[in-house]
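The values are calculated or read from the model by the stated rules, or taken from the named source; none is laboratory data. Predicted model only: the values in this text are computed from it and were never measured. Ideal geometry is used to build each Cβ from the backbone, glycine not excepted, and the neighbour counts take in all protein chains shown.
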Amino acid sequence: MKTHFFEGFSDIVGWKRRIRINGKVVLFCFFLLFSSIIWYFNKLGGDYLIDLKMPAKVVYNETDKMLVDEGTPVLKIQVKTKGYTILRYKLGSTFSPFTVDISSYRLHRYYGSKGNYFILTNSLKSNLSTQLPTNMKIENIIPDTLFFHFSTPYTKRVPVVASSKFTFEEQYMQIGGIKLTPDSVLVSGPESVIRNKKYVRTATIVGDALNESTRGVVALLEEKNVVTDQREVIYTVDVAKFTERTLKLPITINNEDSTSILLIPSHAEVSFRVALRDYGKIQPSLFKLSTRFDERSSFSNHVKVKLDSFPSFVSHVRIEPEYIEIYRQKQ
């Protein structure tokens, strides 16, 4: 009994000693960490050199020649700054890409070359310094030379093509195409690019569950080496309630001698959508169906029915049947 008591007492004493020893270790670690932090912050107050890799957006605003976009050069800029600034940079702070307007700098021309120029990056120091934090001083820029290619500006007018993504409420539809103002723009750029330019596109015009006409402004899509005299256009989308209608129409034969040709059937049904406001304009004479018999063909006597004409205010036109049988009757 006494033996167990003294063994328990010894355990309690040993446990308290361990707590006392562990407490000293924790206190030592705390002051070590605190001292390290103070030392680290003192070091951050010093000056250091750091290399920044920065993209440079090069622009040329004069009209005497056109800068050909050959990508965004990346400059390696060595700067002197405080450790605090480097820490912010390393922790994820980012700088906006540099914008370099070379219109105001002296461009050196390659002798014996056409349209090729270069500029010494050392001359860009003062411009780039204004785009960096005030406590950063530029020491060096790599590469020491930037090269550019210029072309004679070429201009022509091209149509604007709308891109769209619409949904409509039940029984509503778009009437006609999207109206754009202006419907064409002047494009300028290198002749090799502009000569083959057929049109410019708008950004996607989006509309959900439309049940009435809508109007707005949409930007033109930017393209490499292409400058437009307009950055945006006005669009108008005409929306109206519609109904469906079906007409039974005769099929015309596009052969010189059609009197001896038999069509089975000789009529086809044309179904279409039309706005309620245009319903009264519908006349069978506005639609024309035709087909043609090719006697040289060795294939089946089934021929396709073509829709030669229909009014512009109808849509979703369907022909039933799409194919008919055609025979030449014996005289």
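Checking Asn254 against (1) crowded, with 16+ Cβ neighbours inside 10 Å; (2) within 30 Å of Thr291 (Cα to Cα); (3) in contact with a Ser or Thr (Cβ under 7 Å, 6 or more places away or on another chain), which single condition isn't satisfied?
(1)
Take the residues in segment 308-331 that are more than 49 Å from the chain's Cα centre (by Cα) and not in a loop (DSSP other than H, G, I, E, B), then tell me which one is modelled with the lowest pLDDT.
By that ranking, first place goes to Arg328.
For Thr202, state whether it is polar (S, T, N, Q) and either touching an Asp or Glu at 6+ places or on another chain (Cβ under 6 Å) or under 29 Å from Val59 (Cα atoms) (or both).
Considered against the rule, which asks whether it is polar (S, T, N, Q) and either touching an Asp or Glu at 6+ places or on another chain (Cβ under 6 Å) or under 29 Å from Val59 (Cα atoms) (or both), Thr202 comes out as yes.
Checking Ser192 against (1) closer than 30 Å to Tyr60 by Cα; (2) touching a strand residue (DSSP E or B) at 6+ places or on another chain (Cβ under 6 Å), which single condition isn't satisfied?
Of the numbered conditions (1) closer than 30 Å to Tyr60 by Cα; (2) touching a strand residue (DSSP E or B) at 6+ places or on another chain (Cβ under 6 Å), the odd one out for Ser192 is (2).
Within segment 130-148, track down each residue that is in a strand (DSSP E or B), crowded, with 17+ Cβ neighbours inside 10 Å and not aromatic (Phe, Trp, Tyr).
Ile138, Ile141, Leu146
Quick one: which strands (runs of 3 or more DSSP E) sit completely within segment 209-289 and have at least 2 residues that are more than 30 Å from Glu325 (Cβ to Cβ) and touching a Leu at 6+ places or on another chain (Cβ under 6 Å)?
232-237, 239-253
Would you say Gly115 is farther than 27 Å from Val317 by Cβ and at pLDDT below 90?
Yes.
Surrounded by 12 or more Cβ atoms within 10 Å (Cβ to Cβ) and either modelled with pLDDT of 95 or more or out of contact with any Asp or Glu (no Cβ under 9 Å at 6 or more places or on another chain) (or both): does that describe Glu295? Write out each step before concluding.
Details: surrounded by 12 or more Cβ atoms within 10 Å (Cβ to Cβ): no; either modelled with pLDDT of 95 or more or out of contact with any Asp or Glu (no Cβ under 9 Å at 6 or more places or on another chain) (or both): yes.
Answer is no for this residue.
Would you pick out the residues in segment 129-142 that are in contact (Cβ under 8 Å) with a residue 40 or more places away in the chain and either in the same structural domain as Pro311 (by TED's automatic domain parsing) or of a type outside the set (Lys, Arg) (or both)?
Leu132, Pro133, Asn135, Met136, Ile138, Glu139, Asn140, Ile141, Ile142
For segment 149-180, give me each residue that is among the small types (Gly, Ala, Ser) and touching a strand residue (DSSP E or B) at 6+ places or on another chain (Cβ under 8 Å).
Ser151, Ala162, Ser163, Ser164, Gly177
Please enumerate the residues belonging to segment 155-194 that are touching a residue at least 60 places away in the same chain (Cβ under 8 Å) and in a loop (DSSP other than H, G, I, E, B). Walk me through it before giving the result.
Initial filter on segment 155-194 (touching a residue at least 60 places away in the same chain (Cβ under 8 Å)): 160, 162, 164, 166, 168, 171-176, 188-190.
Matches in segment 155-194: Gln171, Ile175, Gly176.
Does Lys224 qualify as being surrounded by 12 or more Cβ atoms within 10 Å (Cβ to Cβ) and not assigned by TED's automatic domain parsing to the domain that holds Arg318?
Taking the combined requirement at face value, the residue does not satisfy it.
So which residues in segment 213-237 are at pLDDT 95 or above and of a type in the set (Asp, Glu)?
Selection gives Glu232 alone.
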